[in-house]
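Read the structure below first, then the notes.
The values are calculated or read from the model by the stated rules, or taken from the named source; none is laboratory data. Keep in mind that this is a model prediction, so the values were computed, not measured. Because the Cβ atoms are built from the backbone with ideal geometry, glycine has one as well, and the counts that use them run over all protein chains shown. SASA here: full protein model, heavy atoms, side chains in, ligands and nucleic acids out. Shrake-Rupley method; radii C 1.70, N 1.55, O 1.52, S 1.80 Å.
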Amino acid sequence: MESRAVSILSKLISIPTVNPPGEKYAELVEYAEKFFKSLGLETEIVEVPKAEVSKRCAECADYPRLILLARSGEPKIHFNGHYDVVPPGPLESWRVTKPFEPLYRDGRLYGRGAVDMKGGLTSIMLAVEKAVSAGLKNFEISFVPDEEIGGETGAGYLAKSGKITAPWVVIAEGSGEDNIWIGHRGLVWFMVEVYGKQAHGSTPWQGLNAFEGAAYIAYRLQEYAKLIAARSSKYEYDDPRGATPTVTIGGEVRGSVKTNVVPGYFAFSVDRRVIPEEDLEAVKKEFIDFVERVAKELPHRVEVKVTNVSEAALVEPSHPLIEALSASVEEVIGRKPRRTVCIGGLDARFFIKQGIPTATYGPGPIGLAHALDEYVEMRQVLNVAEAYYRLIKRLNAKT
């Protein structure tokens, strides 16, 4: 079984589905479709309209965004995964193997996308292969693009399309074999823009330094960070520090001109992470109101813009989907998996927003996504596949 898993995953990794731009998407989808057809599954390929793609990624529009669907019977469960990967980074920094030349060593398979998330795709493929050979049916699969650029033209488009016929979704993202993500935090990104008056550095009194205004606001935002840090989510998180809202200031800055220029404009980003108990609109208003109050203390003009929004999403840990998946996992690994909220964002939000309960469970180790020398533990790929198979079997038994 392990050699079969290594073979499938090696093939997936060897197809460089780097996003952007996604020029190798069709090759991977063709391979996966042939695999599912060989099992006797019904397949369908949905192309996301170019107009939708152009809104999200102009450089991607020349390459089709393909969603692969495969079905058996009347689906009771839907398995989802994304097949795009991030760029590998400097090739000379990869020490174990080249990014798209998969290498199996000491129980690990190395290569870009191994854990994020072609290992999860392999678990899905192995699970349905075993299910078909056991005479089981009533499941559905989707392989989607573009999770790495926000998911709107992948899982987002699929979720709104009405193509999903199963009542529940499991996403194969790398949570780790002993951990089920029941949801994830959300985010609101802001850009705080400060306007002053540009002048020559030798005569700063003739200008109004926008950087100084921005620095003052950034300093005062420590008060805001302490205010929201007093809140705490009631759910368990894979890292307990993620149970409170957080603020990251200055990930992006704009406005630098030259050393001998008084900056007339300066801006900095704010990444505000949102726990499931918080309301997005209330978060926006709270932050903007805080900055506007501080701005009244300055001679500068200050504007706050919202640049990105992503909802938090959650399924209660006692939901029947979580219970069924947890029981299936426990049968395989011999212990109850944790039921946690992911600190980052997941495609689960798209399905949950459409009223489809969604869990995220896939092979790890977590923390290696987007890293150099990325790898997945093949034991986890196999254990996750077995848990998926047992979930299919459990749901078929309820027919």
Note to self: with every protein chain in place and a 1.4 Å probe, the chain gives an accessible area per residue in Å² of 43
Note to self: C-alpha centroids of region 356-399 and region 60-116 sit apart, in Å, by 14
Measuring from its Cα centre, region 140-200 shows a charge dipole (+1 at each Lys and Arg Cβ, -1 at each Asp and Glu Cβ) which, in debye to the nearest 20, is 380
Over the chain, cysteine residues that find no other Cys C-beta under 4.7 Å are C342
Note: A397 to I45 extended length (0.36 nm per residue) minus current alpha-carbon separation gives 123.7 nm
Diffing region 24-34: the Karplus 3J(HN,Hα) column from phi (6.51, -1.76, 1.60, θ = phi - 60°), in whole Hz with x for Gly and Pro, holds 9, 4, 4, 5, 5, 4, 4, 4, 5, 5, 4
So the angle from the long Cα axis of helix 119-133 to the longest Cα principal axis of the chain, reported in degrees to the nearest 10, equals 20
Per-residue ellipticity at 222 nm attributable to helices in the chain (runs of n ≥ 4 DSSP H, -39500 (n - 2.57) apiece, nearest 500 deg cm²/dmol) works out to -10500 deg cm²/dmol
Relative contact order in percent for the chain (Cα pairs under 8 Å, 6+ apart) equals 24
Interchain or sequence-distant (5+) residues whose placed amide H lies within less than 5 Å of the amide H of H82 are V144
Simple SL model, points at 7 angstrom along Cα→Cβ for Q206 and E316; separation in nm is 6.8
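In debye, nearest 20, what is the charge dipole magnitude of the chain about its Cα centre with +1 on Lys and Arg Cβ and -1 on Asp and Glu Cβ, if you could check?
Rounded to the nearest 20 debye, it is 320 debye.
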Expected field for V294, accessible surface area in Å² at 1.4 Å probe radius, rounded to 10, holds 0
Descending packing, highest mean Cβ count within 10 Å first, for 250-256, 147-153 is 147-153, 250-256
Between A26 and A215, the two model label points (7 Å from Cα along the beta-carbon direction) sit apart by a distance in nm of 5.4
Excluding residues fewer than 8 positions from K393 in its own chain, the aspartates and glutamates with Cα under 16 Å of it are E74, E129, E140, E323, E330, E331
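Leaving out ligands, DNA and RNA, what percent of the accessible area of region 120-234 is carbon and sulfur, probe 1.4 Å?
For region 120-234, the apolar C and S fraction of the accessible surface comes to 54 percent.
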Once the in-chain neighbours fewer than 8 apart are removed, the lysines whose Cα is under 20 Å from K285 read K226, K296, K305
per DSSP, antiparallel bridges as share of beta bridges in the chain, % nearest 5, sits at 70
The simple spin-label model distance between Q354 and R254, using points 7 Å out along Cα→Cβ, in nm, is 3.4
Taking the dipole of the chain about the Cα centre (Lys, Arg +1; Asp, Glu -1; charges at Cβ), the one of F287, P87, T43 that reaches farthest to the positive side is F287
Contour minus Cα-Cα span, E303 to A282, at 0.36 nm per residue, comes to 5.7 nm
Once Lys and Arg are counted +1 and Asp and Glu -1 for all other residues with Cβ under 12 Å from that of A324, the total becomes +2
With +1 on the Cβ of every Lys and Arg and -1 on the Cβ of every Asp and Glu, the dipole magnitude of region 249-399 about its Cα centre, in debye rounded to the nearest 20, is 140
Karplus-derived 3J(HN,Hα) from phi for region 84-91 (6.51 cos²θ - 1.76 cosθ + 1.60, θ = phi - 60°), whole Hz, x at Gly and Pro, runs 7, 10, 7, x, x, x, x, 4
Distance in Å, no decimals, from the C-alpha centre of region 162-190 to the one of region 17-51 is 21
The helix 280-295 Cα axis meets the longest alpha-carbon principal axis of the chain at an angle in degrees, between 0 and 90 and rounded to 10, of 20
Once the dipole of the chain is set up from charges on Cβ (+1 Lys and Arg, -1 Asp and Glu), the residue from the list A243, P363, L346 lying farthest towards its positive end is A243
